[in-house]
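Novice: There's a structure below that I have some questions on.
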Amino acid sequence: MAKPTYQDAKLIIQMAQLSSGMNTAKAWTWSDKFIPDFSEFIKQYPRGSEEYSNVMEVCGWMELLGTFYKHKLINEELLFDWLAVDLVWNRLKGFVLGVREQAEYPRLYENFEALAKAEKG
């Protein structure tokens with residue numbers, strides 16, 4: 001990938017500013033209250049609950065970043081230096097896979113998953 005530019009840095013800053021509005025959701029997904037196993041999670045926090053919405057918000061954010069990455073709209077070097085995507089994926093993987101199965105939509109959050117794989121890669 002090309003060397004990061006000032007324009008790339010501006011985009012990362014804008015993305016970071018946007019994500020600051022998700023502080024509650026991000027903090028909750030890293031709290032002791034989060035349950036990694038989907039079947040247990042859904043018993044405690046059904047669809048429509050604030051907790052379920054918190055996780056969906058974080059997954060949606062990561063999907064957005066993954067979509068930007070997929071279409072080469074964000075600098076890979078800056079992105080992976082800024083975020084530990086694989087840590088987030090490992091934390092939320094059980095939820096994502098469970099929601100995919102429950103919704104019968106196997107492509108749900110596929111760009112989030114691909115982004116995590118790319119970081120490891």
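Novice: Collect the residues in the range 78-100 that are touching a helix residue (DSSP H, G or I) at 6+ places or on another chain (Cβ under 8 Å) and acidic (D, E), keeping them in residue-number order.
Specialist: Selection gives D86 alone.
Novice: Now, a different point. Filter the range 106-121 for residues that are modelled with pLDDT under 95 and within 19 Å of D37 (Cα to Cα) and give the result.
Specialist: Hit for the range 106-121 is P106, nothing else.
Novice: Still on this structure: Conditions: (1) in contact (Cβ under 8 Å) with a residue 12 or more places away in the chain; (2) among the small types (G, A, S); (3) surrounded by fewer than 18 Cβ atoms within 10 Å (Cβ to Cβ). G48 meets all but one. Number of the miss?
Specialist: Among (1) in contact (Cβ under 8 Å) with a residue 12 or more places away in the chain; (2) among the small types (G, A, S); (3) surrounded by fewer than 18 Cβ atoms within 10 Å (Cβ to Cβ), G48 violates only (1).
Novice: Of the residues L87, L73, L97, L83, which is surrounded by 17 or more Cβ atoms within 10 Å (Cβ to Cβ) and not hydroxyl-bearing (S, T, Y)? Working first, answer last.
Specialist: On the way: L87 fails: surrounded by 17 or more Cβ atoms within 10 Å (Cβ to Cβ); L73 fails: surrounded by 17 or more Cβ atoms within 10 Å (Cβ to Cβ); L97 fails: surrounded by 17 or more Cβ atoms within 10 Å (Cβ to Cβ).
One residue alone meets the criteria, L83.
Novice: Could you please let me know if S39 is touching a residue at least 24 places away in the same chain (Cβ under 8 Å), of a type in the set (S, T, Y) and in contact with a Lys or Arg (Cβ under 9 Å, 6 or more places away or on another chain)? Walk me through how you get there before you give the answer.
Specialist: Working: touching a residue at least 24 places away in the same chain (Cβ under 8 Å): yes; of a type in the set (S, T, Y): yes; in contact with a Lys or Arg (Cβ under 9 Å, 6 or more places away or on another chain): no.
So S39 fails the test.
Novice: So, one more: Working carefully through the options L115, L78, find the one that is surrounded by 17 or more Cβ atoms within 10 Å (Cβ to Cβ), touching a Pro at 6+ places or on another chain (Cβ under 6 Å) and either free of Cβ contacts under 8 Å to residues at least 40 places away in the same chain or part of a helix (DSSP H, G or I) (or both).
Specialist: Working: L115 fails: touching a Pro at 6+ places or on another chain (Cβ under 6 Å).
Going through L115, L78 in turn, just one is surrounded by 17 or more Cβ atoms within 10 Å (Cβ to Cβ), touching a Pro at 6+ places or on another chain (Cβ under 6 Å) and either free of Cβ contacts under 8 Å to residues at least 40 places away in the same chain or part of a helix (DSSP H, G or I) (or both): L78.
The values are calculated or read from the model by the stated rules, or taken from the named source; none is laboratory data. No experiment lies behind these values; they were computed from the predicted model shown. We place every Cβ from the backbone using ideal geometry, glycine too, and count neighbours over all the protein chains shown.
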